[in-house]
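What follows is calculated from the coordinates using simple rules that are stated; it is not laboratory data. Nothing here was measured: the structure is a model prediction, and the numbers come from that model. Because the Cβ atoms are built from the backbone with ideal geometry, glycine has one as well, and the counts that use them run over all protein chains shown.
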Amino acid sequence: MLSEKLREHGVVGAGGAGFPTYVKAQSQVEFMIANGAECEPLIHKDAELMKHFPSPILDGMTRMMEAVGSKTGKFGIKTKNHEALESLKRSLKNAAIEFTMLGDFYPSGDEYELVYTATGRLIPPAGIPLQVGCVVNNVETLYNVEQAAQDQPVTRKFLSVCGAVNQPKSLWTPVGTPFRDLLAMAGGTTVGDFGVFISGLMMGTLTFDLEDVVTKTTGGLIVLPRDHYLMTRKTRSQAEMNHIGKSACDQCSYCTEFCPRYLLGYEVMPHKVMRSLGFTVTGGDIWNQWSELCCACGLCTLYACPEDLYPKEACDDGKKSQRGAGLKFIQQKPVEVHPMKEYRRVPLAQLRRRLQVEEYETATPFDDAECRPEVVRIKMRQHAGQPAVPVVEAGKKVKKGQVVGRIEEGKLGANVHASVDGKVRTVTPEYLEIVT
Ligand code: SF4
Ligand code: SF4
């Protein structure tokens, strides 16, 4: 059965969340949706993957459609990626797959957005696509589905290395590759003092640790100079963000007016959440409820707010406080798309301008020279659910594709595999290292 192979071979959502794919393969739905939207600024690895590997993606999609009993497959792809689209069309054998053309907006790859664009259905508040008869998989996940069906476990990751590097590119690399090796593969950085955004400027994280490693969900590395506008924005402490927000928020509500979830009809109102900063003793719970349906897309903080405040981070905090207090917000109003939704879309070109990264927008062409690190560090938690448990000892030789971390029977999670041939150097409950 497909779901058993996906579980054994460690397939998880490669688009970011890392949700174990075998669970999705066990459902029965009307529509199987491939997510090729890719909307994080500067990252173009899915476009490269679709252009160069169309057949395994489409075959993986067909396998998922068969597993979930879906008679219609919707393939979400941006019109601007015409080379990838042509490549997919040339390889298309399954007449039940149709393309859903998307504009170049942020965040058109959000599941709620994509399900609505592809099917006209609105996921219930705090719900999942399954509740409206849909399963959504990122295109690289579908590639991995096809590999797993042929008994090839997930041992490598496709990603873009871009920004302030000499040769921006997209490439395959073993899971566990240190970032330092990937920057070398991209010809080194163009600046001496820099930080690295992992998986995106909008929803990714910022690191200065080049020994950190690639996981099954790493979408790309974006290098930016240490004095870049976004570095200042992303390195503020929570206390500072709150302090500035409390004194400078004028409640203009642009953050809410541009919020993609609000525009879809969900009760997310970051401007109200900002009020919680001024009501720290009482009333926080009233304002925080407006954060619960936020998807953390970052648009309010990095695009909408004219004062450069932090409504997204206030929502992150609000959600934590709600959970901590055992409170749950349940939307009473029916979900109805805002009449201004179509007019408030954020084009990627405008977003890049606002983020001050226009100079780094460039192609990231596929380079088939795979990275060959001397050491890989394979994390036991690369997915949603429980971490895997190491099943090899230090000093043992392992082969690429061998299971090195197993998920307990009955637990949600994913097995992890050796991504290279080599000798196990270190084993901890969190990771293991293999020397090639
Ligand atoms: S956009 Fe900025 S200033 Fe306006 S309400 Fe939101 S956080 Fe406050
Ligand atoms: S991060 Fe901001 S814009 Fe995005 S969903 Fe949350 S509140 Fe809305």
Sorted by number, the cysteines in the chain with no other cysteine beta-carbon under 4.7 Å are Cys39, Cys134, Cys162, Cys249, Cys252, Cys259, Cys295, Cys297, Cys305, Cys371
Burial-style ranking of 219-230, 78-89, average other-beta-carbon count within 10 Å with highest first, yields 219-230, 78-89
Counting residues in region 175-325 as N, plug N into 2.2 N^0.38 Å and put the Cα Rg over that result. 1.17
Charge context of Asp193, other residues only, Cβ under 14 angstrom, K/R +1, D/E -1: 0
Quick one: divide the alpha-carbon radius of gyration of the chain by 2.2 N^0.38 Å and tell me what you get. 0.97
Going 7 Å from the Cα of Phe208 in the Cα-to-Cβ direction, what parts of region 168-202 have a backbone nitrogen less than 18 Å from that spot? 179-180, 189-198
Based on DSSP H runs of at least 4 residues, each adding -39500 (n - 2.57), what is the mean residue ellipticity at 222 nm of the chain after dividing by all its residues, to the nearest 500 deg cm²/dmol? -8000 deg cm²/dmol
Put a dot 7 Å past each Cα toward the Cβ at Lys71 and Gln402; how far apart are the dots in nm? 4.8 nm
Under the rule a/c < 1.5 gives rounded, and otherwise a/b versus b/c splits prolate from oblate, where does region 244-374 land using the Cα gyration tensor? prolate
Please list the equivalent ellipsoid semi-axes of region 113-153, computed as the square roots of five times the alpha-carbon gyration tensor eigenvalues, in descending order and whole angstrom. 27, 10, 7
For Val12, residues with placed amide H under 5 Å, excluding near neighbours: Thr21
The local net charge around Pro54, scoring Lys/Arg +1 and Asp/Glu -1 for residues other than Pro54 whose Cβ lies under 14 Å from its Cβ, equals -3
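Take the Cβ-Cβ distance between Ala248 and Ile286 as r, set R0 to 30 Å, and report the resulting FRET efficiency rounded to the nearest 0.05. Walk me through the intermediate numbers first.
Numbers: r = 22 Å, r/R0 = 0.72.
The value I calculate is 0.90.
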When Lys and Arg each count +1 and Asp and Glu each count -1, what net charge do the other residues less than 14 Å away from Ser160, Cβ to Cβ, add up to? -3
Report the calculated FRET efficiency for Ala96 and Ala363 (r = Cβ-Cβ distance, R0 = 41 Å), to the nearest 0.05. 0.80
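Under the classification rounded if a/c is under 1.5, otherwise prolate if a/b is larger than b/c and oblate if not, where does region 215-286 fall, given a ≥ b ≥ c as square roots of the Cα gyration tensor eigenvalues?
Since a/c reaches 1.5 but b/c is at least a/b, the shape of region 215-286 is classed as oblate.
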Please state the shape class of region 336-436: rounded when a/c is under 1.5, otherwise prolate if a/b exceeds b/c and oblate if not, all from the C-alpha gyration tensor. oblate
Among 1-11, 97-107, 386-396, the order from most to least packed when residues are scored by Cβ within 10 Å on average: 1-11, 97-107, 386-396
For region 116-246, the Kirkwood Rh over every pair of distinct alpha carbons, in Å, works out to 17.2 Å
Springs between alpha-carbon pairs under 10 angstrom, Gaussian network model over the chain: which of Asn288, Asn144, Asn166 fluctuates most? Asn166
All lysines inside 22 Å of Lys411 as judged from Cα atoms, apart from same-chain residues fewer than 8 positions distant: Lys5, Lys24, Lys216, Lys379
